[in-house]
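To start, the structure under review is shown below, and the notes come after it.
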Amino acid sequence: MLQSAYRFFIAFILLAVSLNASAEVEIHSWMTDRGSKVMYVHSAELPMLDIEVTFDAGAIRDGDAWGLASFTADLIGTATKNQNEDQIADRFNRIGAQFGGGASRDNASFNLRTLTRDAVMQQAFKQYVDVLSQAQFEPEIIERERKRLLLGIKQKSMKPQSVLSDQLWETLYPQHPYGHPVSGTEKTVAQLTQAEIESFYRHYYNANNAVIAIVGNVDRQQAEAMANEISRSLPKGSKPAPLAKPIKVKQAQEIKTEFPSSQTYYALAQVGIERGNKDYIPLFVGNHLFGGSGFGSYLMEEVREKRGLVYSVYSYFAPMKQNGPFVIGLSTKNASAKEADEVVRQTLADFMQDFSDERLQAIKDNLVGGFPLRIDSNGKILGYISMIGFYGLPLDYLEWFPQQVEKVTKEDILSAWKRHVHPDRMLKLMVGQPQ
């Protein structure tokens with residue numbers, strides 16, 4: 001409930017507030033004396049403060065207890081040493097502050113948004129630190145949330161797109177921590193114990209393993225004091241071991257799964273690149289042209305507009321701590337699944353040979369011209385600096401990114417795609433009743 005409320009609040013703010021769009025976001029970074037990395041941007045346009053603390057505590061740290069990271073993150077905010085669930089919710093609500101969090105494959109992160117009026121901000125910040133650092137995992141809440149989670153996993157198994165997604169990760173990342181569902185399975189979630197949750201929390205939620213991002217109308221001195229207080233509230237701990245690189249699939253695979261649906265859900269995928277890869281810009285810009293920009297993309301033109309096979313078709317690179325996937329996806333009528341596959345493959349082959357200079361320039365203009373809108377609110381800046389801090393990207397990333405997009409050439413894109421995209425070694429998945 002807290003997550004939903006937070007997301008709604010964020011969405012409202014993003015719609016209602018537009019800051020002065022500018023690529024000149026000055027990011028400050030330092031380490032606390034307890035080993036936490038701090039990312040800070042002073043933003044005085046609104047009397048608001050956003051904080052996000054991110055831990056290397058995503059599903060990649062589950063081990064054999066699939067779902068443990070996600071379950072632990074979901075339970076943060078349900079009890080502390082001195083407060084129960086109702087008291088926590090009431091104290092945030094009374095001052096209009098918002099708290100939320102969750103886990104992905106790579107990390108777990110927790111947000112606070114509050115007004116910077118001193119009395120309100122101090123209460124909100126104190127409450128945030130308490131929830132984050134003094135979490136308790138009450139047996140009755142664990143069981144309640146377990147039932148909710150198991151119901152969600154069961155419902156997910158009835159959705160062909162979710163079945164396809166789980167198969168994609170499992171097949172692309174065999175024997176790798178990326179390969180299992182973030183939320184776990186019915187079997188693994190049913191076996192999670194309170195002791196495992198408490199142990200995971202104590203082990204990974206520590207100062208050395210934290211990235212603290214702060215954006216808002218607080219000065220550097222205030223930001224330093226807040227970062228130090230968060231850091232000191234956590235056990236010092238240590239960073240977990242680096243994640244192993246996934247082994248890339250060396251030959252094409254096809255998996256068809258019968259599912260009682262009128263649509264076939266389709267993916268063509270392979271292991272892609274990691275965050276910070278030097279070829280990210282030409283891959284990113286090329287993907288916008290190929291399938292990442294909706295109606296401006298070749299995929300949309302060929303698969304939907306010319307042949308009417310789909311409502312939507314897309315592609316994306318998902319760089320992560322280690323090599324994330326490159327995915328082309330669509331859903332189509334069962335009767336047109338084979339034709340859609342053929343058109344996707346031909347469009348990819350054609351794209352990797354050549355494409356229009358005029359369309360490339362249009363995509364670059366759109367990306368560079370629209371970039372300020374990507375950082376036109378505190379919430380968006382917070383997301384970017386958290387990512388920059390967690391993945392160790394350069395502090396001038398927000399200036400560097402549009403400059404590199406502007407400079408990238410067709411030759412750069414074709415060369416990078418031929419290095420990283422291998423149409424003859426891709427995984428094809430179909431879930432439905434393809435004909």
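The values are calculated or read from the model by the stated rules, or taken from the named source; none is laboratory data. None of the values given here were measured: they were computed from a predicted structure. So basically every Cβ, Gly included, is an ideal-geometry build from the backbone, and we count neighbours across all protein chains shown. In case anyone asks, the SASA skips ligands and DNA or RNA and just uses the protein heavy atoms, side chains included. Shrake-Rupley method; radii C 1.70, N 1.55, O 1.52, S 1.80 Å.
Brief remarks on what is shown
- Charge dipole magnitude, Cβ of K and R +1, D and E -1 - segment 313-417, Cα centre, debye nearest 20: 440
- Straight-line cross-link partners of Lys156 among the lysines, defined as a Cα under 25 Å from its Cα and at least 8 positions apart when in the same chain: Lys147, Lys187, Lys256, Lys333, Lys428.
- Dipole size of segment 105-186 about its Cα centre, with +1 on Lys/Arg Cβ and -1 on Asp/Glu Cβ: approximately 280 debye, rounded to the nearest 20.
- A Cβ-based charge dipole, computed about the Cα centre of the chain with Lys and Arg at +1 and Asp and Glu at -1, lands at about 740 debye.
- Square roots of 5 times each gyration tensor eigenvalue, C-alpha, segment 46-153, largest first, Å: 26, 16, 11
- Degrees separating the helix 139-156 axis from the principal Cα axis of the chain, which is the longest one: 10
- Förster radius 51 Å - calculated FRET efficiency between Arg117 and Arg148 (Cβ-Cβ, nearest 0.05): 0.90
- Entry note, the chain: relative contact order of 23 percent, from Cα contacts under 8 Å with a spacing of 6+ residues.
- Cα gyration tensor shape for segment 319-362, rounded if a/c is under 1.5, else prolate or oblate: oblate
- With 28 Å as the limit, the listed pairs Lys248/Lys338; Lys278/Lys380; Lys159/Lys278 have Lys159/Lys278 beyond it between alpha carbons.
- Cα long-axis angle, helix 2-16 against the chain (0 to 90 degrees, to the nearest 10): 70
- Calculated P(r) of the chain - Cα pairs past 31 Å, %: 46
- The HN-Hα couplings worked out from phi for segment 164-173 by the Karplus form 6.51 cos²θ - 1.76 cosθ + 1.60 (θ = phi - 60°) are 4, 4, 4, 5, 4, 5, 5, 7, 6, 10 Hz, whole numbers, x standing for Gly and Pro.
- Rough spin-label spacing in nm, given labels placed 7 Å along Cα→Cβ, for Ala44 and Ile255: 5.5
- Using only alpha carbons, segment 107-161 has a radius of gyration to Kirkwood radius ratio (Rg to Rh) of 1.19.
- Highest mean packing comes first when the peptides 53-66, 114-127 are listed by Cβ atoms within 10 Å, giving 53-66, 114-127.
- Solvent-accessible area per residue, Å², over segment 286-390 with all protein chains present [probe radius 1.4 Å]: 39
- Spin-label pair Gln221/Trp400, simplified geometry with 7 Å Cα→Cβ offset, distance in nm: 3.3
- In degrees, nearest ten, helix 220-233 long axis to first principal axis of the chain (Cα): 90
- Straight Cα distances below 17 angstrom link Lys236 to the aspartates and glutamates Asp33, Asp56, Asp130, Glu198, with same-chain residues fewer than 8 positions distant left out.
- Here segment 28-233 has 47 percent of its accessible surface on carbon and sulfur atoms, given a 1.4 Å probe and all protein chains in place.
- Note on Ser157 and Ala190: the extension gain reaches 10.3 nm, defined as 0.36 nm multiplied by sequence separation minus the Cα-Cα distance.
- The simple spin-label model puts a point 7 Å past each Cα toward its Cβ; for Asp365 and Glu140 those points are separated by 6.4 nm.
- Whole-percent carbon and sulfur share, accessible surface of segment 250-394, 1.4 Å: 49
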